[in-house]
Amino acid sequence: MSRRRDDIWFVRSNGGQRAYPVTAEGWRAVWVFVAGIVASGIMGAVLAQTMETWL
């Protein structure tokens, strides 16, 4: 195995179909992305309940 480089946050699996975080920065990027998706869903639900529909 080669030594880990600090500028690489993700690695590909042997099949090459997925990327996996290998550093704290990589995991932080994953959690920020997930938090953004959750926040968008919550805001969408709030807006759907409080705003009138345009249909």
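Key figures for this structure:
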quantity: Sole residue being outside any helix (DSSP H, G or I), hydrophobic (A, V, I, L, M, F, W, C) and surrounded by 10 or more Cβ atoms within 10 Å (Cβ to Cβ), chosen from 11, 46; calculated: 11
quantity: Contacts under 6 angstrom Cβ, first residue in region 16-33 being more than 15 Å from residue 6 (Cα to Cα), partner among the aromatic types (Phe, Trp, Tyr) and open to solvent by 60 Å² or more (accessible area, probe 1.4 Å), 6 or more apart; calculated: 19/10
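The values are calculated or read from the model by the stated rules, or taken from the named source; none is laboratory data. These figures come from a predicted structure and were not determined experimentally. FYI the Cβ positions are ideal-geometry reconstructions off the backbone, even for glycines, and counts take in every protein chain you see. Note: areas computed on protein heavy atoms with side chains; ligands, DNA, RNA excluded. Shrake-Rupley method; radii C 1.70, N 1.55, O 1.52, S 1.80 Å.
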